[in-house]
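Undergrad: Following this message is one structure expressed as structure tokens.
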Amino acid sequence: MSNTINLFTLPFAGGNFYSYRAFQAYMPPYIKMQPLEPPGRGRRVTEALLPDLEDMADDALLKLQKYDLSKPYLIYGHSMGGLMGYLLIQRLQQHKIPPPQHFIVSGRRSPDKFYHHTYHTLPPNEFIQWLKTLGGLPQSILDSDELLEFVTPIIQTDFQATETFVYEQRPRTKLQVPITAFYGTDESISEQDMENWHQESTQSVNIEQFEGDHFFIFKPVFLNRFKQLLADCTI
């Protein structure tokens, strides 16, 4: 395939422009990764953080509209990014903007499955201890009090955004794109949590499980499957 296809990526909580750089080595040559970085981190660190997921989706829509969306493209999000992707595609449809060819989501239960947690309300020290048990933070950050102090407000605000999202308070508009949803064997997501993704699209929905915790997405076995999926849905 000679034409480049954009893969727009939405980060997990605390993530930034560089969150999926490990994916780059597995990209088909015609796929170009285009991170949609929320404000308050990475290249947008001077901007205010957004504690509301709807506002984050609005921000992502503005960034996405800078690209030529008349050409085929894909959207991928992990965890918080998966829910952002769901909201973003709804906005695209509402504005009559061509949606992606495929929506790929990982580490995220279906949107109607509410997080019955309030981790974002923990005192900073307790929140940091909880983060260490969750995994996903580089050892270089865990070993540095200064870096931990810097990233904790970002992650805590992102958790606030996801934990205060209320599915029932918004119009339910089904996505008009195929969905592939991945989840790990050792994360706190059950098969039942994933099943309702089938109710969120008028197109085909495929659900797959991989060995690993919440960050199974960085294992070669998943990255190879991801590469194959990109090839399959852009033929």
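Undergrad: Averaging the inverse of every distinct alpha carbon separation and then flipping it gives the Kirkwood radius. What is it for the range 192-235, in angstrom units?
TA: On the way: mean 1/r = 0.0823 Å⁻¹.
After inverting the pairwise mean of 1/r, the radius is 12.2 Å.
Undergrad: If I take all pairs of Cα atoms in the chain, what percentage of them are more than 26 Å from each other? Kindly include the intermediate steps, with their values, before the conclusion.
TA: Details: 9373 of 27495 pairs.
Cα-Cα pairs in the chain separated by more than 26 Å: 34 percent.
Undergrad: In 10 Å bins starting at zero, report the fraction of Cα pairs in the range 1-87 per bin as a rounded %.
TA: Each 10 Å bin holds this share of Cα pairs: 17, 51, 27, 4, 0.
Undergrad: Right, something else. Working from Cα positions, state the angle (0 to 90°, nearest 10) between the long axis of helix 220-232 and the longest principal axis of the chain.
TA: The helix 220-232 is inclined about 30 degrees to the chain.
Undergrad: Grab the beta carbon distance between ASN196 and TYR26, set R0 = 35 Å, and tell me the FRET efficiency rounded to 0.05. List each step's numbers first, then the result.
TA: Working: r = 29 Å, r/R0 = 0.83.
That pair, ASN196 with TYR26, gives E of 0.75.
Undergrad: Among the lysines, which fall within straight-line cross-link reach of LYS32, defined as a Cα-Cα distance under 19 Å, with same-chain neighbours fewer than 8 residues apart omitted?
TA: Leaving aside lysines fewer than 8 places away in the same chain, those within reach of LYS32 are LYS63, LYS66, LYS71, LYS227.
Undergrad: May I ask you to give the average projected area over all directions of the convex hull of the Cα atoms of the range 29-134, in nm² rounded to one decimal?
TA: Values: hull surface 34.4 nm².
If I average the Cα hull's projected area over directions, I get 8.6 nm².
Undergrad: Okay, moving on. Along the Cα-to-C-beta direction of GLU211, a point sits 7 Å from the Cα; which residues of the range 78-113 have their amide N less than 20 Å from that point?
TA: Under cut-off, by backbone N: 107.
Undergrad: Which whole-number percent is the relative contact order of the chain (Cα, under 8 Å, 6+ apart)? Could the numbers behind the result be given before it?
TA: Values: 399 pairs, mean separation 49.8, N = 235.
The value is 21 percent.
Undergrad: What's the ranking of 82-91, 41-50 by average number of surrounding C-beta atoms within 10 Å, highest first? Don't skip to the answer; put the middle values down first.
TA: Numbers: 82-91: 24.6, 41-50: 14.7.
Ranked by mean Cβ neighbours within 10 Å, highest first: 82-91, 41-50.
Values quoted throughout were computed directly from the atomic coordinates according to the rules given, and no laboratory measurement underlies them. Only a predicted model underlies this, so the values are computations on that prediction, with no experimental measurement involved. Using ideal geometry, Cβ is built from the backbone for each residue, glycine included, and neighbour counts are taken over all protein chains shown.
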